[in-house]
């Protein structure tokens, strides 16, 4: 089973409650993560995520410019692949299924991926 996670790049504004509500729009099993600014900075640096406060109208009203990347990790937390915002849904789907097949050493066309993605 794939476990989707979302990590905020703006822990000052994004409380655990706020990101918890936000991720409900994406997937019912998505887990929302935040932390101290130092913890988030460390994660961003580790995964080479760009983030910058882009414009500020007030201290509470501003935009964050940031990378938009989905990472695929194995069950041990090791990096397998990534999917960027330059890819459309069909490209992400094809690459994800191929990456999973390569990781599992299975034929791309076998129905194993339906079980992993919980598709009937």
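Taking 8 Å as the Cα distance limit and 6 or more residues as the minimum spacing, I'd like the relative contact order of the chain as a percentage. Please list the in-between numbers first.
Numbers: 122 pairs, mean separation 22.1, N = 120.
Computed value for the chain: 18 percent relative contact order.
Name the shape class, rounded, prolate or oblate, that the alpha-carbon gyration tensor gives for segment 5-67, where a ≥ b ≥ c are the square roots of its eigenvalues, rounded holds for a/c under 1.5, and otherwise prolate holds if a/b is larger than b/c and oblate otherwise. Show your work: numbers first, answer last.
Details: a/c = 1.78, a/b = 1.23, b/c = 1.44.
Judged from the Cα gyration tensor, segment 5-67 comes out oblate (a/c at least 1.5, b/c at or above a/b).
Percent antiparallel among DSSP beta bridges with both residues in segment 5-67, to the nearest 5?
Expressed as a percentage, antiparallel bridges in segment 5-67 total about 60.
Suppose each label sits 7 Å from its Cα in the direction of the beta carbon; what would the residue 31-residue 104 distance come out to in nanometres?
According to this spin-label approximation, the distance is 2.1 nm.
Calculate the length of the line joining the C-alpha centroid of segment 2-35 to that of segment 52-107, in whole Å.
14
Calculated from DSSP H runs of 4 or more alone, at -39500 (n - 2.57) each and per residue, what is the 222 nm mean residue ellipticity of the chain, nearest 500? Could you put the intermediate results ahead of the total?
Values: 4 runs with 40 residues, N = 120.
Result for the chain, helices only: -10000 deg cm²/dmol.
If r is the Cβ-Cβ distance from residue 74 to residue 39 and R0 is 22 Å, what FRET efficiency results, to the nearest 0.05?
Numbers: r = 23 Å, r/R0 = 1.02.
That gives a FRET efficiency of 0.45.
For a quick check, take a GNM of the chain with Cα springs below 10 Å and name the residue from 96, 63, 33 with the largest mean-square fluctuation.
Fluctuation is largest for 63.
Most fluctuating residue of 64, 100, 30 in a GNM of the chain with Cα springs under 10 Å: which is it?
Residue with maximal mean-square fluctuation among 64, 100, 30: 64.
Taken together, the values in this text are just the output of simple stated rules run on the coordinates, not laboratory data. Predicted model only: the values in this text are computed from it and were never measured. Here Cβ is always computed from backbone atoms with ideal geometry, including for glycine, and neighbour counts include all displayed protein chains.
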